[in-house]
Every structure is written in C-alpha cells, then in structure tokens.
Amino acid sequence: DELEARLVRVEDLKRKYGDSIDAVLSYRAEAATELDTLTNADANMSTLEEKRARLENQLNSQAEQLSRARAQVATQLSKGVSKELKPLGMANAVFEVEVSPSESLGAFGRDRISFLFSANLGEPPAGLSSVASGGELSRVMLALNVVTGSDLPVLVFDEVDAGIGGKTARAVGALLKQLASDHQVLVVTHLPQVAAFADTQFFVEKQESGARTVTRVNRLEPHEREYELARMLSGTTTDAALANARELLTQAQGAT
C-alpha cells in the first residue's frame, strides 16, 4: 500500500511538474533556489545595494577621468583641424570641439560632444552640420582623418573639391595622397589637380544604349590619364594641353 501510494504521488508530480523524474527534480531545485532568494530577500537587497553603490562610484570616477581627457584632447584636435583647413581654401576657417556636461551618465560617459565650425572671418562658430556646405564638410572630414588617423580601412570623399581650384586643389590632392598611404581612399572629383594625385584613375560617363541611359566606369591606362587630364584642364587634347597634363601628373606622382 505504501509503495502504491508513493507511485501515485510520483505520477501526480510528473503530471504537474514534468514528464520524467529528472524534470521533477530539476523543478524542485529551481523552486528551492527561488524560495531561498525570497526568504533572504532583505539580506540580498542590502548586498546588491552595496554593490550598486560601489559600481556607481567606480563609474563616476571613470567618467570624470574621461571628461578630463576629452577636454585636453579637444583643444589639440581643434587646433590641429583648423591648421589643416587653412591650405584647403579656408584661410579663416575655425573648427572647435565643444565638450559640455550632459544631464545623465550614459554608455560613453557624462559628456556631450559638439563639432563647431565657421568658414568666414567674423562669424561665430556654430554646429558643423548646420552651417557647413557639402564641400566644406568633405574638407573638414579630410582634415579630421589626417589629424586623427582614421581607423576605417576605406574612406570616400565626394565634393571635396567644391568651390576650389589651383593651389588649393593641389593642397587637397596632396592631403588625399598622404591619407592614402594608410587607407584606401576613393575620391569623386572634377579637378585635374586632385585627380593627378591618384594612384588609379577611373573615368565615369553616361551613354545611351537603346532606349536606356547607362553609366560606365573605365579604368584609365597611363597614356589615357594624360588625355583625360588634358581634357579636364582645357577641354582639348592639343600638344600643349597634353604637355601641361603630363607635367601635372609627374609633379603629383612625385609628391610625398
């Protein structure tokens, strides 16, 4: 009778807590753990509060260290980028990194970081994304990457030559070439002074094919580059234009 009663109880437990003895015992272990947690809730809460306070102190200390480091580097970065912008056709440009306290502590500390920019003399710096044109943004990005040494393997610049030419364009091309020593740099440009610095040049054109317009991209061979640079320089491929393109290409490829 005792054995039969025990078997009935075991079957009841299996119907309620699992399909096997192992499942029932596993549930029992989990229930015991939960019961212990509830029984000792006050003691556990006190331990957790102490741990939380300790971690908050550590977090606040690290946030303060990060804020001090950011304030110091912000000054260096502001000066470095502003210096690089001057030969890029923005002699009066000012770039500032503003570090201000945020309302709460987050995953990246207790600081709010803002990039401020002014392209013209007498204008106070304002938010970079609000006041900079597309070309200015590209040149600021170029200066930032040169100063900081971007950890991205591939960098793409579009409109970096907007509104510039001559000596400034050569300065942009030289900086891009410098950046390309450690990265793959892709540049969309209409200026021969910039294109001449490229290790590889592609020609992009639209063509009509049947009833459709398609875009084709062709890699230029060395002799084709001379013709394309001549066309970009003067719109012609005369001997004088080709000589000018050849000289520009030689000077750019020999730059360090």
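List pairs: first residue in the range 91-108 and polar (S, T, N, Q), second residue open to solvent by less than 80 Å² (accessible area, probe 1.4 Å) and assigned to a strand (DSSP E or B) anywhere in the structure, Cβ distance under 6 angstrom, at least six positions apart or on different chains.
Correct list of pairs: S102/R110.
From V94, V24, V140, V81, which residue is of a type in the set (V, I, T), more than 19 Å from the chain's Cα centre (by Cα) and under 22 Å from D158 (Cα atoms)?
Of V94, V24, V140, V81, the one residue that is of a type in the set (V, I, T), more than 19 Å from the chain's Cα centre (by Cα) and under 22 Å from D158 (Cα atoms) is V94.
Quick one: in the range 92-122, which of the residues that are aliphatic (A, V, I, L, M) and exposed (fewer than 11 other Cβ atoms within 10 Å of the Cβ) is farthest from A74 (Cα to Cα)?
L121
Taking into account only those residues within the range 50-69 that are among the hydrophobic types (A, V, I, L, M, F, W, C) and open to solvent by less than 60 Å² (accessible area, probe 1.4 Å), which is nearest to the chain's Cα centre (by Cα)?
A69
Please tell me if D151 is among the charged types (D, E, K, R), in a loop (DSSP other than H, G, I, E, B), buried (at least 18 other Cβ atoms within 10 Å of the Cβ) and modelled with pLDDT under 90.
Judged against the criteria, D151 is not a match.
Give just the number: which of (1) in a strand (DSSP E or B); (2) without any contact (Cβ under 8 Å) to a residue 40 or more places away in the chain does I113 not satisfy?
(2)
May I ask you to verify whether K79 is modelled with pLDDT under 90, among the basic types (K, R) and assigned to a helix (DSSP H, G or I)?
Spelling it out, it is not the case that K79 is modelled with pLDDT under 90, among the basic types (K, R) and assigned to a helix (DSSP H, G or I).
Need pairs with beta-carbon distance below 6 Å; first residue on the phi > 0 side of the Ramachandran plot and of a type outside the set (G, A, S) and within the range 226-250, second buried (at least 16 other Cβ atoms within 10 Å of the Cβ) and in a helix (DSSP H, G or I); sequence gap 6+ or separate chains.
none
Which one of A69, A74, A143, A93 is more than 17 Å from K177 (Cα to Cα) and in contact with a Ser or Thr (Cβ under 9 Å, 6 or more places away or on another chain)?
Testing whether each residue is more than 17 Å from K177 (Cα to Cα) and in contact with a Ser or Thr (Cβ under 9 Å, 6 or more places away or on another chain) leaves just A93.
This table checks each residue for (1) surrounded by 10 or more Cβ atoms within 10 Å (Cβ to Cβ); (2) outside any helix (DSSP H, G or I); (3) touching a residue at least 40 places away in the same chain (Cβ under 8 Å).
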{"position": "K16", "(1), (2), (3)": "no, no, no"}
{"position": "D19", "(1), (2), (3)": "no, yes, no"}
{"position": "D22", "(1), (2), (3)": "no, no, no"}
{"position": "S26", "(1), (2), (3)": "yes, no, no"}
{"position": "T37", "(1), (2), (3)": "yes, no, no"}
{"position": "M45", "(1), (2), (3)": "yes, no, no"}
{"position": "L48", "(1), (2), (3)": "yes, no, no"}
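Determine whether V81 is closer than 26 Å to V172 by Cβ, touching a Leu at 6+ places or on another chain (Cβ under 9 Å) and open to solvent by 50 Å² or more (accessible area, probe 1.4 Å).
In short, no.
Anything in the range 154-169 that is in contact with a His (Cβ under 8 Å, 6 or more places away or on another chain), outside any loop (DSSP other than H, G, I, E, B) and under 25 Å from K79 (Cα atoms)? List them, or say none.
L155
Return the pair list, or none, for Cβ contacts closer than 9 Å from residues in the range 184-208 that are farther than 18 Å from N145 by Cα to residues that are surrounded by 14 or more Cβ atoms within 10 Å (Cβ to Cβ) and of a type in the set (F, W, Y), at least 6 apart or on different chains.
As it stands, the answer is T189/F157, since those pairs meet every condition given.
The values are calculated or read from the model by the stated rules, or taken from the named source; none is laboratory data. Small disclaimer: the values here were computed from a predicted structure and weren't measured. Heads up, the Cβs are rebuilt from the backbone with ideal geometry, glycines too, and the neighbour counts pull from every protein chain shown. Just the protein is used for accessible areas: all its heavy atoms, side chains included, with ligands, DNA and RNA removed. Shrake-Rupley method; radii C 1.70, N 1.55, O 1.52, S 1.80 Å.
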